[in-house]
Amino acid sequence: MAQIKYLAQLDGLRALAVLAVIVFHSRADWLPGGYVGVDVFFFLSGFLITQIVVRSLTSGKFSYLDFIAGRLRRLFPAYAVMVCACLLVAPLILLPGEFERLAETALASLLFLSNIFFYQNLGYFDAAAEHQLLLHTWSLAVEWQFYLAFPLVLWAAHRLSGRVVPALVVLAIASLMFNLVVTPVNSQFTFFMFPPRAWELIAGGLLGLAYMNRKLMGRERTGWTVAGVLLLAASVALFDETTLFPGIAATLPTLATGILVFNTVRGEGGLLTSLLSSRLLVLIGQMSYSLYLWHWPVLLYARFYFGDHLAVSQLLLCWTITIGLSYLSWRWVESALRRHRWWSLQWRAYAGAVAMSLPVAVGAGMVMLNDGYGRRLPDQARELVNIVKWPDVGRCSTDYKEDQYHDCTLGSGLEPATILIWGDSHAQTLIWAVTEIAEQRDINIRHVTKGGCPPVFYGVVPSTGIDKDACLSAQKAAWRIIDSDPSVSTVLISARWPLYEGASMMTAETQPVKRFEGALSETINALLQRDLNVILVDSLPEPGFDVSNVLARRALLEQSVPDSFQDQRPPFKSLDFIKSISDSRFSVLRLNNVLCSAGHCPISEGGEVLYFDGDHLARAGASKLAAPIENALFPDRIEAGISEALPARE
């Protein structure tokens, strides 16, 4: 396979990219857009791989199997060692469900399909994603899919016309347009999947061909340097997890990388080329693959042990361990094995990859067959792990295995339901409390909920990873009940409001967006216009950590257990406009004083946990709200304004 000229400045650029990613994963508030470092990697991969393949095609020495074998020799050993290490450490600190999920992702990552796995199971910025040890392999899977497909495209274009540039331009435009069109509707798909990301790699490839054909001659220009640096700095500083990404936003770091590469490979170096070629940055760049492999598992295992919020001293420890492991991986796995004579034959590269995969695959399979080896946990930890996490009441049962909405009736009364409970997963957990009310009063209560879906007419947060069609269906189901059932006289709305505040809303048909506050205001007014009583439940206190998992892990590690948390959740800011609603049929119900006393919120009572994760009430917690919710639903009259929950009745 053809070799290309080594460019030290590109290793310097890789160093900046991997450092941005590491800082972002360490403390997102320090560098909120640091995740765009992955986009820099994509561009650089396209720049180099395209040259390697096209040079081989031009010289008549291209072999697809040789190319893949070369990628395996270069990348797979360190990759397999990292996955194996994660599995070996897991029994000491992971809970059974986490261990099983790690095993599943290990198998997906060995097949270079982890991006598809994570797309189907969670979003990159979801809370659950923060506990996936191999989450970072999604980008490596995208690159491997590029390695597998792109050489065939180049070969076909070269074979048919002898020209590859037109084909690449068409593919890049198609991929970019696909990204721009789909991202507003399903940003999780465009974030994780190869087709809407391909344009970034192809863009690098087109610049690589221009460089290979000596069309980038000249000297470094200060203007280009300033433009590239400012664009990249803007990306890492101004983007955050709320940015609709990739979409149009991804063009900014991609363009910045293109400008910086264009300006530093032209032959006559300048200040930027010298800085990027400095010894330290080049060394970090050469280690960037191993640094990327190891930083996330080290950080995540540290969070499992110390807690989600790592102190600066703990981060320094993590970075030190990461550098040490990365150096060993780069020096003795990446470099040593790649140059070893045994790997030189094509079939041995494939045989070696299979040999390294087998023990990992067998180990992962055993973990899955044995349900994460839950027997290793002490009794207390097993009880916490097995806590019922979602209501299981009749037709309102849910286990959230499917991204669906729920439309059901609680109670066994003979009269039609006069109350509708509507909201997201926070309203879903109220089923426990509402069931008590329905049974005590021998009435029926209608319940429509969808996790991650704001209770408004109509709209979905574009960047959310939920099924947007299911969300809109839930909103339409709520409206159908309100519009067609004259028995319904009261609507109680509950949601995790901070999740939606300030967000733009849009429909699945990509109609013009509107702000969440406007959508909620319109919804409340629409309900009041139909002469309905409307009760809005303010956001509940949140522990900010997965209560059942943290307590179970503390029991496993024999660490001290927290017994409470401070309610530091800011008030629902959107209440500012709600205060202007002066209607006796509208009220806001605050339940903080039921769950907390002077901001001090217990995690458990009577041996039962009140929360089952970082923000959802467990059965015991929801049951504490039954009396105040009943007082709100059945008062002598509903008073306008914002009120605290009444004391629970004996």
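Among 220-231, 95-106, the peptide with the highest mean count of other Cβ atoms within 10 Å heads the list, and the full ranking is 95-106, 220-231. Each Lys and Arg adds +1 at its Cβ and each Asp and Glu adds -1 at its Cβ; summed about the Cα centre, the chain shows a dipole of about 3840 debye.
By DSSP, the beta bridges lying fully in the chain are antiparallel in about 40 percent of cases.
Of the solvent-accessible surface of the chain, computed with a 1.4 Å probe over protein heavy atoms with every protein chain present, carbon and sulfur atoms account for 58 percent.
Here's the picture: charge each Lys and Arg Cβ at +1 and each Asp and Glu Cβ at -1 in the chain, and of Leu19, Ile578, Ala78 the one pushed furthest to the positive end of that dipole is Ala78.
With angles folded into 0 to 90 degrees, how steeply does helix 165-182 sit against the dominant principal axis of the chain? Use alpha carbons for both and round to 10. The angle comes out near 10 degrees. Counting only protein heavy atoms and a 1.4 Å probe, segment 14-171 has 35 square angstrom of accessible area per residue. Ranked by the mean number of other Cβ atoms within 10 Å of their residues, highest first, the peptides 331-343, 67-79, 417-429 fall in the order 417-429, 67-79, 331-343.
Selection among Ser329, Thr449, Leu472 by position relative to the dipole of the chain gives Ser329 as farthest towards the positive end (Cβ unit charges, Cα centre). Farthest towards the positive end of the charge dipole of the chain, among the residues Pro96, Gly607, Phe191, is the Cα of Phe191, using unit charges on the Cβ of Lys, Arg, Asp and Glu.
About the centre of its Cα atoms, segment 351-459 shows a dipole size close to 320 debye [charges on the beta carbon of Lys, Arg (+1) and Asp, Glu (-1) only; nearest 20 debye]. Normalised per residue, the accessible area of segment 306-435 is 56 Å², obtained with a 1.4 Å probe and no contribution from ligands, DNA or RNA. Relative contact order of the chain, please, whole-number percent, based on alpha carbon pairs below 8 angstrom and at least 6 residues apart. Normalised by residue count, the contact order of the chain is 14 percent.
Highest mean first, the peptides 450-462, 302-314 sorted by other C-beta atoms within 10 Å per residue fall in the order 450-462, 302-314.
Label separation (Gln440 vs Ser584): 2.7 nm, computed from points 7 Å beyond Cα along the C-beta direction. In the chain, the calculated helix contribution to ellipticity at 222 nm averages -17500 deg cm²/dmol per residue, counting -39,500 (n - 2.57) for every DSSP H run with n ≥ 4.
Please give the helix 198-212 orientation as an angle from the longest Cα principal axis of the chain, in degrees from 0 to 90, rounded to the nearest 10. Its long axis makes an angle of about 20 degrees. Per residue, the solvent-accessible area of segment 185-298 (1.4 Å probe, heavy atoms of protein chains only, all protein chains present) comes to 40 Å². Name the shape class, rounded, prolate or oblate, that the alpha-carbon gyration tensor gives for segment 312-441, where a ≥ b ≥ c are the square roots of its eigenvalues, rounded holds for a/c under 1.5, and otherwise prolate holds if a/b is larger than b/c and oblate otherwise. It comes out prolate by the Cα gyration axes. Checking every one of the chymotrypsin sites (Phe, Trp or Tyr not before Pro) in segment 19-61 against DSSP loop status and a limit of 13 other Cβ atoms within 10 Å picks out Trp30.
Treating the angle as unsigned and between 0 and 90°, give the value, to the nearest 10°, between the Cα long axis of helix 312-329 and the longest Cα principal axis of the chain. Orientation of helix 312-329: about 40 degrees from the principal axis. By the beta carbon rule, with partners counted only under 4.7 Å, the chain holds these lone Cys residues: Cys84, Cys86, Cys318.
The values are calculated or read from the model by the stated rules, or taken from the named source; none is laboratory data. All of these numbers come straight from a predicted model, not from anything done at the bench. Don't worry about glycine lacking a Cβ; one is built from the backbone with ideal geometry, like all the others, and counts go over all protein chains shown. Note: accessible area is taken over every heavy atom of the protein model, side chains too, but ligands, DNA and RNA are not part of it. Shrake-Rupley method; radii C 1.70, N 1.55, O 1.52, S 1.80 Å.
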